[in-house]
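To start, the structure itself, in structure tokens.
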């Protein structure tokens, strides 16, 4: 249904989703309430959760070590519920820039960062990010010097990835909440850098 | 070798260690394959052992996928993957690949 209330036929995938959901409910495998709760929970997860992890790593060197050694445990340490997520944090340095893609489908750390942006699932991003990452990053407005190595991580199997960006200059003395406010979703995918306004 | 994530499935023993040169098998079986086409036949280096996980090719057929198979992150030089790659020679792509897709290079 659209805003005008005019009838719109279901698209192929809407029809498939509705049919499958109704079958599962009819067979007593899930209830409508459970489906609604899961959708609500999915919408409630936002990139702010990941930003909290990044900000903590910026202010606490020991935490950063634990994050790079086992990012799943490091998230849980902050009380973030991330069921089943096997998270790998990859660190940007003056010599290395990391970026994440899933060429096979659209694997993304949803339980940490929420619903992925549409471009992340596009054929354009998925096919070109491994083939010409510098050109793709430039289209996002991010120009990486040739002296910096680009590491593209193709998320093909059981791991999910979080880019740990570098803390920008001009944030000296900021507390974690303020630091987290400049850590964007795109910075944690590796197609942007945190900036100080 | 220390795996990044411990799992408690019955698992095959890891055959490779960090730094080993490996070649991705250049084969094209049917089914649900998590090894991208573009990397098959290419040579890279083991970056880390992620842990051992049920074989996705078997899981997709509603089987158990056990014993679990060691899963590695393999680092490839972009210039080796794409001969006409335009960036600097240091650029890399890192991909998770299951052990049965890898052979010693």
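Screening the stretch A:145-172 for residues that are more than 8 Å from every other protein chain (Cβ to nearest Cβ), in contact with a helix residue (DSSP H, G or I) (Cβ under 6 Å, 6 or more places away or on another chain) and closer than 28 Å to residue B:37 by Cβ and picking the one that is surrounded by the most Cβ atoms within 10 Å (Cβ to Cβ) gives A:162.
Listed conditions (1) within 13 Å of another protein chain (Cβ to nearest Cβ); (2) modelled with pLDDT under 95 are all met by residue B:50, apart from (2). Checking each residue in the stretch A:76-101 for being under 24 Å from residue A:130 (Cα atoms), at pLDDT 95 or above and assigned to a loop (DSSP other than H, G, I, E, B) picks out A:86, A:92, A:93, A:94, A:95. Restricting A:43, A:66, A:86 to those that are within 14 Å of chain B (Cβ to nearest Cβ), farther than 30 Å from residue B:36 by Cβ and either in contact with a helix residue (DSSP H, G or I) (Cβ under 8 Å, 6 or more places away or on another chain) or touching a residue at least 12 places away in the same chain (Cβ under 8 Å) (or both) reduces the list to A:66. Pairing each residue of the stretch B:26-37 that is free of Cβ contacts under 8 Å to residues at least 60 places away in the same chain and at negative phi with any residue that is surrounded by 11 or more Cβ atoms within 10 Å (Cβ to Cβ) and not in a loop (DSSP other than H, G, I, E, B), provided the two are 6+ apart or on different chains, yields C-beta distances under 7 Å for B:32/B:56; B:32/B:57; B:33/B:57; B:36/A:154; B:36/B:95.
Within the stretch A:111-135, the set of residues being within 11 Å of chain B (Cβ to nearest Cβ) and buried (at least 16 other Cβ atoms within 10 Å of the Cβ) comprises A:126, A:129, A:130, A:131, A:132, A:133, A:134.
In summary, strands (runs of 3 or more DSSP E) completely within chain B and bearing 2 or more residues that are farther than 24 Å from residue A:126 by Cβ and in contact with a helix residue (DSSP H, G or I) (Cβ under 8 Å, 6 or more places away or on another chain) occur at B:69-77. Does the stretch B:77-87 contain any residue that is surrounded by 15 or more Cβ atoms within 10 Å (Cβ to Cβ), within 17 Å of residue A:152 (Cα to Cα) and more than 10 Å from chain A (Cβ to nearest Cβ)? Yes: one or more hits. Set side by side, the residues A:74, A:55 differ, and just one is surrounded by 14 or more Cβ atoms within 10 Å (Cβ to Cβ), touching a residue at least 60 places away in the same chain (Cβ under 8 Å) and in the same structural domain as residue A:181 (by TED's automatic domain parsing), which is A:55. With respect to residue A:182, determine if the residue is at pLDDT below 95, more than 20 Å from residue B:77 (Cα to Cα), away from every other protein chain (no Cβ under 13 Å) and not in a strand (DSSP E or B). For residue A:182, the condition - at pLDDT below 95, more than 20 Å from residue B:77 (Cα to Cα), away from every other protein chain (no Cβ under 13 Å) and not in a strand (DSSP E or B) - is not met.
The values are calculated or read from the model by the stated rules, or taken from the named source; none is laboratory data. All values reported here derive from a predicted model rather than from experimental measurement. For neighbour counting, all protein chains shown are included, and Cβ atoms are generated from backbone atoms with ideal geometry for every residue, glycine included.
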